[in-house]
1. Determine ³J(HN,Hα), in whole Hz, for all residues of region 102-112 in sequence, where each value follows from phi through the Karplus function 6.51 cos²θ - 1.76 cosθ + 1.60 and θ = phi - 60°; x replaces Gly and Pro.
2. Counting other C-beta atoms within 10 Å, which of 118, 222, 182 has the fewest, and how do the rest follow?
3. Among 118/222; 102/192; 102/183, which pairs are too far apart, with a Cα-Cα distance over 28 Å?
4. Under 5 Å between amide hydrogens, which residues at least 5 positions from residue 146 or on another chain qualify, with H placed 1.01 Å from N in the peptide plane?
5. Among 137, 194, which comes first, then next, by fewest other beta-carbon atoms within 10 Å?
6. Which whole-Hz couplings ³J(HN,Hα) result when phi for each residue of region 58-73 is put into the Karplus expression 6.51 cos²θ - 1.76 cosθ + 1.60, θ = phi - 60°, listed in order with x for Gly and Pro?
7. Taking N as the number of residues in region 90-227, what value does Rg over Cα atoms divided by 2.2 N^0.38 Å take?
8. Ranking 146, 171 by Cβ neighbours within 10 Å, fewest first, what do you get?
Amino acid sequence: MINFAWPWFACLLPLPLLIYWFVKPRKTQHVVIDAPTLPYFVNNASGNKSRHFLTKILLVVSWLLIVVSLTRPQWLDTPVVQTFPSRDLLLAIDISQSMQIKDMSIEGQVADRLNMVKSYLQSFIKQRQGDRIGVILFTDHAYLMTPLTQDWQTTGLLLNEINAGLAGQFTATGEAITLAVKKILHDSMQNKTLILLSDGKDNVNTIKPLDAAALAKASGLKIYTIGIGADSSEANAEDELNETELEDIARITGGQYFRALSEQDLSEIYQQINLVEPLSLKTIKYQPHKELVEWFLYSLLLVIGMLLWILRND
């Protein structure tokens, strides 16, 4: 089946006729030549009528080929329908100053909380091909870093650039949950799931985390909370992991609370979440096509070559 991707270019087809009808040629004076050899030239010209007729035909064909090429002809194959399992996941990552505390481990080496999260998420995102992942960052305020997308490469690059304390020192957990609720209301998420990674110390009073959790429950958003931090802080008591608040958020929304001290812990946690959260079957329908414009362009070059040959030998 032939399809034209840009059919509006077909409007150019009558352009030569319009020019012929409406653009009047300039009037010229004819000079009569009295020469004995004139009948020879007249007879010779009349012998080339067939060649001139062929030239006109080739000009018409070349114009048709130009217009058809502009319409971008395509050959449409049989439509293909693919169904594959996928999930829609929102990740909310705490980037407050307390995430700089070095009480985590990466491959047995001491690391700060945020770098441990970033290190694992880089590999986690690459394994989620087919899933849509959106990322929310929160500190003094919550920000949408990436909307739900399957572009894991760009998401990974952006994750690599974030630093703890870059946009503030505090932790607006409630605002992050509220932003996630707002996001799912504007997106057709099938499984409304938020994975919140934080040390749990909400110290911004704009929106209380438990109030935001109640709003999330009313919106059908399930929250899995992951506590990032050791039992005791190397800095001060204010930076210690607050598990109680994270447990309450998960309980209110029907999710689950997990504790992570290393990349291995995070890997096991996500495996558990995968077992709990069902996969949605997504269907993609597309129609393969092949561009035909090159064949019309080749034909146009052939016609132009014939025209040049005729004009050269005329």
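1. Values, residue by residue: 8, 10, 10, 9, 10, 6, x, 9, 5, 8, 7 Hz.
2. With the sparsest Cβ surroundings first, the list reads 182, 222, 118.
3. Numbers: 118/222 23 Å; 102/192 32 Å; 102/183 32 Å.
Pairs exceeding 28 Å: 102/192; 102/183.
4. 135
5. On the way: 137 23, 194 26.
Ordered by Cβ neighbours within 10 Å, fewest first: 137, 194.
6. Computed from phi, the couplings for region 58-73 are 5, 5, 5, 5, 5, 5, 4, 5, 4, 5, 4, 5, 5, 6, 6, x Hz.
7. Numbers: Rg = 14.3 Å, N = 138, 2.2 N^0.38 = 14.3 Å.
Rg over 2.2 N^0.38 Å, computed on Cα atoms: 1.00.
8. Details: 146 17, 171 26.
By the 10 Å Cβ count, ascending, the order reads 146, 171.
Every read-out reported here was derived from the displayed coordinates using simple, explicitly stated rules and does not represent laboratory data. The structure displayed is predicted, hence computed values, not measured ones. In this analysis, Cβ positions are derived from the backbone assuming ideal geometry, glycine residues included, and neighbour counts consider all displayed protein chains.
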